[in-house]
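What follows is one structure encoded as structure tokens, with my remarks underneath.
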């Protein structure tokens, strides 16, 4: 399965109205603190990979996941292979990674409000240090039809697919730095 | 906390009788399949570290853990720092490790019968390709008294602490190979 994702910079108030208009289903809000790690010898910025520990809380429960993101396989839709599994103890997982030579390189913190719309998830992200973004995302075995559908969802929300941002929040933060 | 552990090669039948005699408490039997990984650039055999994924089943439930073992801090008792946490999906965790350059190097498979005796756990291990072993183990903040206690437990089981094996099952298997 591939994660197909389109992202634009957009204020959330107007998009929320549109989501209401198309009867998208609110899926709640979470806070995510992502720590990205540098590989001991591989330059992830050059190989276009990422290794991340994500701590997510919905205000009551906290969950931690470890994620590997492979290089882009489709640049337009930011499609890449993702490997992800939950871990019981985020602090210990972080210590394991640091013990074998991975250094925490950057942290991305955001609140994320999700809406379901058919096969797609629309996400309103407020990213610390960057501002407001809208993402349209789905998982699919075939990239092209999934991407066409995501473009359609963006247009229904009054957003311009041509303004798509291909840079990750991590990349945007590092560019700013 | 340090893991303090003494291990000897010993047939299990006689030790089981002794465990019964000292009223050690049976804690059940599990099967463990351990996969050890080679680091992309660090020679774990030389640095005396290990990174492992352990899949453990008691016949019904399966649990997976990832573990980092640091170098020995006390050679006599095989004491080393351990970092360990549960992961939801062992296959995905293995794929994450392989994606960032860790190669599965060796597998150790064993059945492990545990007994509780005071602060100590006595383990009867039957290791595929190696045979039968007895381990006495505890966790402690101070190494010396924990080690003295482990010696005492071994003697109560009719085993000779001087025959302690400091090589891990992984090491024994690789020596044989």
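Please treat every number below as a calculation from the coordinates, not as lab data. Just so it is clear, the structure is predicted and the values come from calculations on it, not from any experiment. We place every Cβ from the backbone using ideal geometry, glycine too, and count neighbours over all the protein chains shown.
General observations
- Helical mean residue ellipticity (222 nm; -39500 (n - 2.57) per DSSP H run of 4+; nearest 500) of chain B: -7500 deg cm²/dmol
- Crossing angle, helix A:143-156 versus chain A [Cα axis fit, 0-90 degrees, rounded to tens]: 60 degrees
- Angle in degrees between helix A:12-21 and the longest Cα principal axis of chain A, rounded to the nearest 10: 50 degrees
- Each peptide in B:5-15, A:159-169 receives the mean, over its residues, of other Cβ atoms within 10 Å, and ordering these scores from highest gives B:5-15, A:159-169.
- Each residue in B:44, A:115 was given a count of other beta-carbon atoms within 10 angstrom of its own, and listing them fewest first yields B:44, A:115.
- Helix B:90-99 and the longest principal axis of the C-alpha atoms of chain B enclose an angle of approximately 50°.
- Cα gyration tensor, segment B:1-105 - rounded (a/c under 1.5), prolate or oblate: oblate
- Relative pair counts by distance (%), Cα atoms of chain B, 10 Å bins: 9, 35, 39, 15, 2, 0
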